[in-house]
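One structure is given below, encoded as structure tokens.
The values are calculated or read from the model by the stated rules, or taken from the named source; none is laboratory data. Please read these numbers as outputs of a predicted model, since none were measured by experiment. Every residue, glycine as well, gets a Cβ built from its backbone with ideal geometry; the counts of neighbours run over all protein chains shown. All accessible areas refer to the heavy atoms of the entire protein, side chains included, with ligands and DNA or RNA removed. Shrake-Rupley method; radii C 1.70, N 1.55, O 1.52, S 1.80 Å.
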Amino acid sequence: MADIAVIGTGYVGLTTGAYLAHLGHNVTCADVIEEKVEALTRGEVPIHEDGLTDMVNEGIHAGRLRFVFGATAAVHDAEFVFLCLPTPQGEDGTADLSYVESVAREIASHVRSDGIVVNKSTVPVGSNLRVAALLNRDDVHVVSNPEFLREGQALHDSLNPDRIVIGAYDQEAALRLVELYESLHAPVLVTDPASAETIKYVANAFLATKVSFINAVAHFCELVGADVKDVALGMGQDKRIGFEFLKPGPGWGGSCFPKDTRALIHMAEDRGYGFDLLRSVVSVNDEQYERVVEKIAFAAGGSIEGKTVGVWGLTFKARTDDMRESPSLFVVERLLAQGATVNAFDPMVKKELDRINVCADAYAAVEGADVLAVLTEWDEFRYLDLAKVKALIGMPTIVDARNLLDPVSVRRHGFTYDGIGRL
Ligand code: UDX
């Protein structure tokens, strides 16, 4: 079993630390937020991920998982140093590598000889070389090992990966990392670092393309009177296409797709390639927010000014507490800008939000509203009492931007209903 350091305890870092400890390794996780380190040491997990709190506590009690302040304190003796740091979008759309670079500088003289620095963050192509240059150590390897986990099912995805991608110049270092993951029995692709870094960007860009494609198809379905649900089903049965990521919605969001698609466009542009296909994928997504706003305005009688909109769902998708680049918030911002009042409920959002009235439950959000907009696909919204909603709402009209509700049942309860690309 290996001694491992994990630098950064966000969704990727904390999940990585927890499951590597679960696999029997000895893991030290580092962060620069002192209160976070203290809370994690007490077994308190600040993010919502199925099973993560239990796995963190399992690791702590087994003595295989600990949390320390600062990267330097974690890397001594570590055979593997996982960099799980944020790479936020810089002002010009490129990925900001400064967190990764500053940690590389900080740990340069502390990584043990023959140690392997593993880049798990989504980093611009060429970052592997950049990190190696900053470390400036002939006796330390730098390996790219992108993470493909989805928020909300991070542990499941980490323990059951479709594949493990390892990008390394040194075959022996690559094999040492392969061994670390042996018990996961996943297919492994060993390649060069630039290819590994590219795989992460293009995988996300392709998934975003699928969602933009089905959102565009949903619009077409509305124009010709087809039902996108059946259309997607008929497409997905073709094994070359598959069923996944063909659910229409209010547009894609989250901490990865928006940032990574823009960064990929930038990387291509820097090398003289416009990547028009991906640009269109992004603009179809921006149009989708607008389309949902138009649907809500239409349902509210043509204009949203002075109207009250009840909103169900604020997170960027269900089963997460993450609101970063949330399509719901993009829609809500547009509604507010057009003079609407927004009363919103989300099972994972309890804090106060600027200009949005955050309600205690789904029913409170619809009280007196001129229209209800369903913006995140939380399962519990399916099972709410529509008769009660009807009694509370001002105007019985629903825009279901996730195609979550059953139109027949909703209409039977006396609502007008508008979904995305369905009859
Ligand atoms: C994504 C990738 O799936 C993951 O492999 C990568 O490591 C990080 O980025 P995540 O950001 O957790 O994961 O979200 P994901 O589940 O992929 O959804 C992204 C967005 O697309 C969400 O806004 C979601 O609602 C939307 N989406 C997804 C759809 O609108 N329709 C779909 O069919 C699928």
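Within the option set Ala174, Ala268, Ala226, being out of contact with any strand residue (DSSP E or B) (no Cβ under 9 Å at 6 or more places or on another chain) and open to solvent by less than 20 Å² (accessible area, probe 1.4 Å) holds for one residue only, Ala268.
Only a single item in (1) under 26 Å from Thr416 (Cβ atoms); (2) more than 16 Å from the ligand (Cβ to nearest atom) is not met by Ala268, and it is number (1). Filtering the range 340-357 to residues that are touching an Asp or Glu at 6+ places or on another chain (Cβ under 8 Å), within 16 Å of the ligand (Cβ to nearest atom) and closer than 18 Å to Arg382 by Cβ leaves Pro347, Met348.
Residue check: Leu159 meets all listed conditions (1) under 23 Å from Leu278 (Cβ atoms); (2) open to solvent by 30 Å² or more (accessible area, probe 1.4 Å); (3) within 16 Å of the ligand (Cβ to nearest atom) but one, namely (1). Applying the condition of being more than 10 Å from Leu404 (Cα to Cα) and open to solvent by 20 Å² or more (accessible area, probe 1.4 Å) to the range 363-379 and asking which residue is farthest from the ligand (Cβ to nearest atom) yields Gly368. Restricting the range 309-339 to residues that are of a type in the set (Gly, Ala, Ser) and away from the ligand (no atom under 16 Å from the Cβ) leaves a set whose member that is surrounded by the most Cβ atoms within 10 Å (Cβ to Cβ) is Gly310.
Contact map, the range 200-211: first residue closer than 18 Å to Gly249 by Cβ, second residue open to solvent by 40 Å² or more (accessible area, probe 1.4 Å) and within 6 Å of the ligand (Cβ to nearest atom), Cβ cut-off under 7 Å, separation 6 or more or different chains; pairs are Asn204/Cys256; Leu207/Phe245; Lys210/Phe245; Val211/Phe245. Among residues of the range 188-208 being away from the ligand (no atom under 12 Å from the Cβ) and over 14 Å from Ser127 (Cβ atoms), the one that is least open to solvent (accessible area, probe 1.4 Å) is Thr191. From the list Gly394, Gly339, Gly368, the lone residue that is on the phi > 0 side of the Ramachandran plot and touching a residue at least 60 places away in the same chain (Cβ under 8 Å) is Gly368. Open to solvent by 20 Å² or more (accessible area, probe 1.4 Å) and either in contact with a Pro (Cβ under 9 Å, 6 or more places away or on another chain) or modelled with pLDDT of 95 or more (or both): does that describe Leu129? For Leu129, the condition - open to solvent by 20 Å² or more (accessible area, probe 1.4 Å) and either in contact with a Pro (Cβ under 9 Å, 6 or more places away or on another chain) or modelled with pLDDT of 95 or more (or both) - is met. Candidates Gly414, Gly421: the one that is under 23 Å from Ile304 (Cβ atoms) and in contact (Cβ under 8 Å) with a residue 60 or more places away in the chain is Gly421.
Against the conditions (1) outside any helix (DSSP H, G or I); (2) open to solvent by 20 Å² or more (accessible area, probe 1.4 Å); (3) within 16 Å of the ligand (Cβ to nearest atom), Asp138 satisfies every one except (3).
On the stretch given as the range 44-68, residues that are surrounded by fewer than 16 Cβ atoms within 10 Å (Cβ to Cβ), outside any helix (DSSP H, G or I) and either free of Cβ contacts under 8 Å to residues at least 40 places away in the same chain or of a type in the set (Phe, Trp, Tyr) (or both) total 3.
Regarding Gly242, is this residue more than 25 Å from Arg279 (Cβ to Cβ), assigned by TED's automatic domain parsing to the domain that holds Leu375, open to solvent by less than 30 Å² (accessible area, probe 1.4 Å) and more than 7 Å from the ligand (Cβ to nearest atom)? No: the conditions fail for Gly242. Only one of the numbered conditions (1) free of Cβ contacts under 8 Å to residues at least 60 places away in the same chain; (2) under 22 Å from the mean Cα position of the chain (by Cα); (3) in a helix (DSSP H, G or I) is not met by Val389, and that is (2). Would you check if Ala360 is more than 15 Å from the ligand (Cβ to nearest atom) and touching a residue at least 12 places away in the same chain (Cβ under 8 Å)? When the stated conditions are applied, Ala360 passes them.
The single condition among (1) exposed (fewer than 13 other Cβ atoms within 10 Å of the Cβ); (2) near the ligand (Cβ under 10 Å from one of its atoms) that Ser255 does not meet is (1). Would you call Ala373 within 21 Å of Arg411 (Cβ to Cβ), of a type outside the set (Lys, Arg) and either out of contact with any Gly (no Cβ under 7 Å at 6 or more places or on another chain) or modelled with pLDDT of 95 or more (or both)? It is true that Ala373 is within 21 Å of Arg411 (Cβ to Cβ), of a type outside the set (Lys, Arg) and either out of contact with any Gly (no Cβ under 7 Å at 6 or more places or on another chain) or modelled with pLDDT of 95 or more (or both). In summary, Arg382 fulfils each of the numbered conditions (1) touching a strand residue (DSSP E or B) at 6+ places or on another chain (Cβ under 6 Å); (2) away from the ligand (no atom under 15 Å from the Cβ); (3) assigned to a helix (DSSP H, G or I) with the single exception of condition (1). A single entry from Pro124, Pro86, Pro146 fulfils the requirement of being open to solvent by 30 Å² or more (accessible area, probe 1.4 Å), part of a loop (DSSP other than H, G, I, E, B) and closer than 26 Å to Ser255 by Cα: Pro86.
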